[in-house]
Structure formats: C-alpha cells, structure tokens
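Written below as structure tokens is the structure these notes are about.
The values are calculated or read from the model by the stated rules, or taken from the named source; none is laboratory data. Not measured: the values here are computed from a predicted model. In this analysis, Cβ positions are derived from the backbone assuming ideal geometry, glycine residues included, and neighbour counts consider all displayed protein chains. In case anyone asks, the SASA skips ligands and DNA or RNA and just uses the protein heavy atoms, side chains included. Shrake-Rupley method; radii C 1.70, N 1.55, O 1.52, S 1.80 Å.
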Amino acid sequence: MSGSMYDLSVATYSQEGRIYQVEYATKAVENSETVIGVKCKDGVILGAEKQKFSRLLEDNTNKRIYNIDLQTGMALCGKLPDGRNILQRAKAESSQYQDMYAIPASAHVLSDRVAQYVHAYTMYSGVRPFGSATFIASYNTFDGYELYMIEPSGNKYAYHACTHGKGRAVCKSEFERRNFKDLTCQEALVYIAKMLILAHEEFKEKKYEYEMTWITDNNGRKHQNVPQDLINNAVQQAEQLIEQDQIGE
Amino acid sequence: MLKHLYDTDCVTWSPQGKLFQVEYAMEAVKQGSICLGLKSNENVVLCSLKRQPSELAGYQEKQFKIDDHMAIAIAGLTADARVLCKYMRTECLEYKYTYESHHPVGRLVYKVAEKSQHKTQSGAKRPYGVGLLVAGIDPNGVHLFETCPSGNYYEYKCQAIGSRSQAARTYFESWFHLFEKSTLEQLILHGLSAIKKAIMEDEELNEKNVEVGILGKNQKFTHLNAQELRDYIAKLDAFNPNSQIQQE
C-alpha cells in the first residue's frame with residue numbers, strides 16, 4: 001500500500017488523486033481502542049474501551065470522553081494527545097458561539113467548525129493531520145439529539161450509530177443486526193458493552209475498563225457519565241449474552 | 001520498510017500510522033537515569049539515581065519543587081525539563097495569585113500534556129525529550145502522574161521511568177498492593193529497594209548518587225538530607241516487605 005514517493009507530505013497528491021498522509025493518519029486511528037456512538041429512542045450514548053496496559057495504572061483515570069458543554073460531549077478515538085488538541089478547540093468554539101449567540105452550539109454547528117479545524121491540518125506541509133477521530137453528541141431544543149463523527153481527513157457525517165478503532169468491523173455488524181432506535185438508552189447499555197467486549201476478543205488476558213456517557217430524557221438531557229453500577233451490570237449481562245451466543249454456534 | 005523516509009520530521013505519518021520522531025523522542029527518556037515514584041494514602045515519594053558527568057563534576061539534580069504541594073522528577077534531556085519546570089512553576093504562581101489556592105495537580109499535568117502535543121504537530125518543532133513524574137497532593141487526593149514526549153499522560157499508583165526502569169517496575173508489580181497503607185518510612189524503603197534493583201552490578205547506592213523527595217498531606221515537598229539518606233540506605237539490607245504483610 002506504500003505510495004512510493006507521493007506519500008511523504010500531506011501537500012502531495014498521488015497519481016490516483018489520493019493523499020496518502022491523510023490515509024496513514026487514519027491508520028493510526030484504526031489501530032487504536034474502539035469508540036462507539038449510538039442514538040437511541042430517548043437519547044445518545046458514547047462508549048469507549050480503555051485497556052489497562054499496566055497493573056500500576058490508577059483506576060478510572062485517563063478519560064477518553066469529555067464535556068464540551070453541559071449538553072455536549074466529545075469522545076476521542078486514536079491518538080489521545082491529538083484528540084485533546086481537537087477537544088480544546090471544540091471547547092473554545094462552543095464557548096465563543098455561546099458568547100455571540102447566547103444559546104449553546106448544536107452539534108451540527110460545532111462539528112462543522114471542528115471539521116474545518118481538522119481539515120486545515122491536512123492542507124499544509126508544515127503540519128500533519130490529526131491522528132484522532134472525534135465523536136460529538138449533543139442535545140438542544142431545536143435539533144433534538146445529534147451524533148457526529150469527524151475523521152482525520154476533515155470529513156464529518158451525522159450518524160444514527162458510528163464507530164472507529166480496532167473493533168469497528170465487529171461493531172458495525174452489530175449495528176446492522178440491532179435497531180437502536182427502538183431501544184431506550186438504559187436498554188441499549190447492554191449492547192454497547194457487548195460490542196466493546198467483542199471488539200477486543202483476541203486479547204483476553206488484558207484488563208479493560210469501560211467508559212460510557214449519555215444524554216437522555218431521564219438524566220435531564222445533560223451529558224453525564226453513566227453511573228458505574230449500571231456500567232458494571234451492563235458488562236456482566238453482556239458477558240452472559242456473548243457466552244450464550246457462543247454456545248448457540 | 002523504508003523507515004528513513006518517514007522518520008525525519010514530526011509531520012510525516014508512516015504507512016502503519018506511526019510518528020517515528022515522537023517514538024524517537026520517547027527513546028531519549030529511556031536513556032535518562034532512573035527515577036521512580038510511589039504513593040500511599042497520605043504521602044508520595046520520588047526517588048532518583050543521579051549521574052555525574054565526570055569525577056570532578058557534581059551530580060545532576062533530578063527532582064524539582066514546583067510548589068509546596070507538587071514536585072517533579074525528570075528523565076531525559078535536562079534542558080527540556082527545565083523549560084517544562086519553569087512553565088509549571090509559573091502556572092502555579094499565577095493560579096495562586098488568581099484563586100488563592102493550590103493548582104489542582106491533574107489540570108497542570110493536562111496543560112503540560114497539551115503543550116507537549118503542540119510540539120509534535122509542526123514541521124518546525126521537535127517534541128520535548130523528557131518524561132516527567134509529577135507528584136502532587138490536592139483536595140482530590142494523592143497523585144502520581146507520568147507525562148511523555150508524545151503528549152500522553154497517565155495517572156499511576158507507582159511508576160518508574162528511565163534507564164533499566166523495568167527492573168523497578170517488576171519490583172512494584174510484586175509489592176504495590178502494600179503501598180496504600182504504608183507508612184512514610186516503608187514507602188521510602190520500598191522506593192530505594194526498587195532503585196537498587198535497577199543499578200548496575202558495580203554501582204552502589206550512597207547519599208551522593210540517590211535523591212529522595214517526599215510530599216505529604218501535611219508536609220510540603222522536601223528532599224531528604226545526606227544524613228537521612230545514609231540512615232535509610234543503611235536500613236535497606238534489613239528491609240523485608242514480607243514483614244509488612246504480617247502486620248496487616
């Protein structure tokens with residue numbers, strides 16, 4: 001797949017019209033931990049797996065999902081330092097929008113601005129594309145629940161459900177099977193946990209933590225962490241579901 | 001793979017999605033002499049092995065106070081560390097001036113990580129070639145963070161970085177379950193035992209080449225002086241973590 005001499009700078013097109021540096025940046029995201037975003041009947045859920053690569057690590061730190069505003073959240077997939085750079089920009093954009101228009105920025109406005117920022121880094125040879133895909137979930141009274149994903153190329157789309165990272169193939173096939181629009185967020189937690197667990201099946205010896213946040217009708221339509229006991233229950237039930245699936249095969 | 005094509009600057013991704021310059025910067029940290037940190041419910045201890053450029057020279061300091069409640073231990077390019085140290089000290093002072101309280105540890109580490117990340121995304125810059133262990137105590141609790149040249153940061157129960165640090169980490173993996181309830185003295189002895197695992201066969205720990213810094217909920221950051229170091233090193237041979245288990 002190596003692009004011979006056309007892949008050394010982001011300011012160079014290959015003969016087929018591809019920009020290899022952007023594709024390599026996307027590779028960095030594809031090799032990292034899985035992140036999922038799902039829109040349900042009554043809200044949006046963001047979920048991420050965190051591998052505990054050392055026993056010496058503290059629990060429940062090294063977050064991947066952050067608040068941009070009370071009702072807007074961002075999940076980072078790929079290289080975390082790059083993701084946090086994008087996050088800072090998103091926070092600044094959201095704050096400036098609110099200053100100017102006196103209402104919180106909705107996800108389609110915010111994702112547009114973030115996408116433009118990410119895209120700008122794919123146009124100049126003095127910088128490099130971000131090695132991070134970001135998911136933006138929000139609620140506001142005009143547009144309801146929204147979910148967007150922004151890729152290292154600067155492409156952004158609105159989704160019913162989206163995923164990136166190592167386990168994206170597994171998650172995408174689960175999305176096909178299940179209609180999340182018919183499930184409430186509470187019901188969907190189990191399936192989110194199931195997807196995150198299946199995403200790392202091969203490396204069973206490692207310890208994982210799961211970070212999940214939601215914006216739902218039931219929690220005041222704010223972006224908050226899913227309570228830890230709900231996550232733990234969902235993970236337990238998901239493990240049982242997976243066992244049953246395996247026995248069935 | 002033609003690595004040399006993709007590894008000359010920070011703005012080139014390799015076909016596998018790696019940034020080689022950033023990975024090379026992490027190597028600089030591994031070349032520095034070992035420093036480690038460990039924490040209990042009440043205290044954080046930083047231990048480091050100091051190097052001497054020549055017989056006639058002094059030893060390079062590895063631990064720096066950032067504020068009463070925070071300190072760092074460095075591994076890697078000392079000059080880069082000085083830049084970060086100055087930045088952290090200034091931020092703490094400004095925070096104290098504005099809010100009349102100590103800078104929360106996690107937030108300062110986040111700022112350092114952000115600063116480090118910007119240096120990895122420009123063709124005209126290079127990453128910081130230093131890893132920090134940040135020890136701090138704030139109302140959220142007792143903290144030990146590691147920062148990397150890549151802009152990543154992690155919170156640890158205990159961690160060792162620098163040359164031959166794997167030996168110290170292996171020691172930690174066996175004993176870290178005892179650290180939470182350890183006394184300050186036990187914590188220091190654990191730290192020194194871990195460093196002892198990482199020194200070369202012909203080297204010896206003495207009060208000149210070891211640096212120990214301690215932080216406590218009611219204790220501002222201080223270094224152990226030469227006499228205290230000698231006393232602790234003398235206790236090392238008799239120190240047995242197994243006896244700590246029997247106490248609990």
Q) What aspartates and glutamates could a cross-link reach from B:Lys197, if we take a straight Cα to Cα line under 16 Å and drop same-chain neighbours fewer than 8 places away? A) B:Glu173, B:Glu211, B:Asp237
Q) What whole-number value in Å² describes the accessible area per residue of the range A:1-54 for a 1.4 Å probe? A) 40
Q. Contour minus end-to-end for A:Ile247 and A:Thr184, with contour as 0.36 nm per residue of separation and end-to-end as the Cα-Cα distance?
A. 19.9 nm
Q | At least 20 Å² accessible surface lost relative to isolated chain, residues of the range A:25-48 (1.4 Å probe) | A | A:Lys27, A:Ala28
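From largest to smallest, what semi-axes in whole angstrom does chain A give when each is the square root of 5 times an eigenvalue of its alpha carbon gyration tensor?
Values: eigenvalues 169, 118, 52 Å².
Semi-axes from the Cα gyration tensor: 29, 24, 16 Å.
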Q.
How many angstrom lie between the Cα centre of the range A:92-115 and the Cα centre of the range B:197-221?
A. 50
Q) Hey, what do the phi angles of the range A:139-150 turn into as Karplus ³J(HN,Hα) couplings, whole Hz, using 6.51/-1.76/1.60 and θ = phi - 60°, x for Gly and Pro? A) 10, 8, 5, 7, 10, x, 7, 9, 9, 10, 10, 10
Q. By how many degrees, 0 to 90 and rounded to 10, does the Cα axis of helix B:105-118 deviate from the longest principal axis of chain B?
A. 30
(Q) At a 10 angstrom cut-off on C-beta neighbours, averaged per residue, how do the peptides A:39-46, A:72-79, B:26-33 rank from highest to lowest? (A) A:72-79, A:39-46, B:26-33
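Averaged across the residues of A:125-132, what count of C-beta atoms belonging to other chains lies within 10 Å of each residue's C-beta? Walk me through the intermediate numbers first.
Numbers: counts 4, 7, 6, 10, 3, 1, 7, 0.
The mean count of partner-chain Cβ atoms within 10 Å per residue comes to 5.
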Q: For the range A:84-94, take each phi angle, set θ = phi - 60°, evaluate the Karplus expression 6.51 cos²θ - 1.76 cosθ + 1.60, and give the result in whole Hz per residue in order, putting x for glycine and proline.
A: 5, 4, 5, 4, 4, 5, 4, 4, 5, 4, 4
Q. When only C-alpha pairs under 8 Å and at least 6 residues apart count, what is the relative contact order of chain B, in percent?
A. 26
(Q) Modelling each spin label as a point 7 Å along the Cα-to-Cβ direction, I'd like the B:Asn240/A:Met100 distance in nm, to one decimal. (A) 7.2
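Of all alpha-carbon pairs in chain B, indicate the percentage at a distance above 25 angstrom.
Details: 13428 of 30628 pairs.
Of all Cα-Cα distances in chain B, 44 percent exceed 25 Å.
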Q. Within the range B:116-160, whose backbone N sits under 16 Å from a point 7 Å along Cα→Cβ of B:Tyr24?
A. B:120-130, B:149-150
Q: Quick one: which residues, 5+ away or cross-chain, put their amide H under 5 Å from the amide H of B:Arg51? H built at 1.01 Å from N.
A: B:Gln60
Q.
Within the protein assembly as shown, what whole-number % of the accessible surface is contributed by carbon and sulfur, with the 1.4 Å probe and all protein chains included in the calculation?
A. 49
Q) At a Förster radius of 25 Å, what calculated FRET efficiency corresponds to the Cβ-Cβ distance of B:Ala79 and B:His223, to the nearest 0.05? A) 0.70
Q) So what is the relative contact order of chain A, in percent, for Cα pairs below 8 Å that sit 6 or more residues apart? A) 27
**Q.** Cross-link pairs A:Lys206/B:Lys50; B:Lys157/B:Lys235; A:Lys50/B:Lys235 - those with Cα-Cα distance over 31 Å
**A.** A:Lys206/B:Lys50; A:Lys50/B:Lys235
Q. So which lysines can A:Lys156 reach, going by Cα to Cα under 19 Å and dropping same-chain residues fewer than 8 places off?
A. A:Lys27, A:Lys39, A:Lys79, A:Lys91, A:Lys172
**Q.** Highest-MSF residue in chain B out of B:Phe20, B:Phe64, B:Phe179 [GNM, Cα springs under 10 Å]
**A.** B:Phe20
Q. For B:Asn209, which sequence-distant residues (separation of 5 or more, or a different chain) have an amide H within less than 5 Å of its own amide H, given hydrogens modelled in the peptide plane?
A. none
Q | Karplus 3J(HN,Hα) series, Hz, for the range B:145-154 with 6.51 cos²θ - 1.76 cosθ + 1.60 (x for Gly, Pro) | A | 10, 10, 10, 10, x, 6, x, 7, 9, 9
Q: Taking only protein heavy atoms into account and a 1.4 Å probe, give the accessible area per residue of the range B:1-102 in Å².
A: 50
Q. Using 18 Å as the cut-off for backbone N distance, which residues of the range B:208-248 belong to the label zone defined by a point 7 Å from the Cα of B:Lys96 along Cα→Cβ?
A. B:214-223
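Going down the table (A:Lys63/B:Lys125; A:Lys63/B:Lys18; A:Lys207/B:Lys3), which pairs top 24 Å between alpha carbons? The partial results should precede the final answer.
Values: A:Lys63/B:Lys125 27 Å; A:Lys63/B:Lys18 22 Å; A:Lys207/B:Lys3 33 Å.
Check vs 24 Å cut-off fails for A:Lys63/B:Lys125; A:Lys207/B:Lys3.
Starting from the coordinates of the alpha-carbon atoms of the range B:170-219, obtain the Kirkwood hydrodynamic radius over all distinct pairs and give the value in Å to one decimal. Mind dumping the intermediate values first?
Values: mean 1/r = 0.0814 Å⁻¹.
Over the range B:170-219, the inverse of the mean reciprocal pair distance is 12.3 Å.
Given an 8 Å cut-off on Cα distances and at least 6 residues of separation, report the relative contact order of the range B:15-62 as a percent.
On the way: 34 pairs, mean separation 11.1, N = 48.
The value is 23 percent.
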Q: Please give the average number of partner chain Cβ atoms lying within 10 Å of the Cβ of each residue in B:6-16, rounded to a whole number.
A: 6
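Using r as the Cβ-Cβ distance of A:Ser125 and B:Met200, and R0 as 51 Å, what FRET efficiency do you calculate, to the nearest 0.05?
On the way: r = 45 Å, r/R0 = 0.89.
In this case the efficiency is close to 0.70.
Per residue of B:151-157, what is the mean number of Cβ atoms on other protein chains within 10 angstrom of that residue's Cβ? Walk me through the intermediate numbers first.
Values: counts 7, 5, 5, 8, 6, 5, 6.
Averaged over the peptide's residues, the number is 6.
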Q | Reach of B:Lys115 by Cα under 16 Å, taken over aspartates and glutamates that are not fewer than 8 positions away in the same chain | A | A:Asp82, B:Asp80, B:Glu91, B:Glu146
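Where the only charges are on Cβ atoms (+1 Lys, Arg; -1 Asp, Glu), what is the dipole of the protein assembly as shown about its Cα centre, to the nearest 20 debye?
On the way: 57 positive and 62 negative charges, 178 e Å.
For this selection, approximately 860 debye.
Would you mind working out the accessible area per residue for the range B:129-248, using a 1.4 Å probe, and quoting it in Å²? Before the final figure, lay out each step's value.
Details: 5460 Å² over 120 residues.
Using a 1.4 Å probe on heavy atoms only, each residue of the range B:129-248 averages 45 Å².
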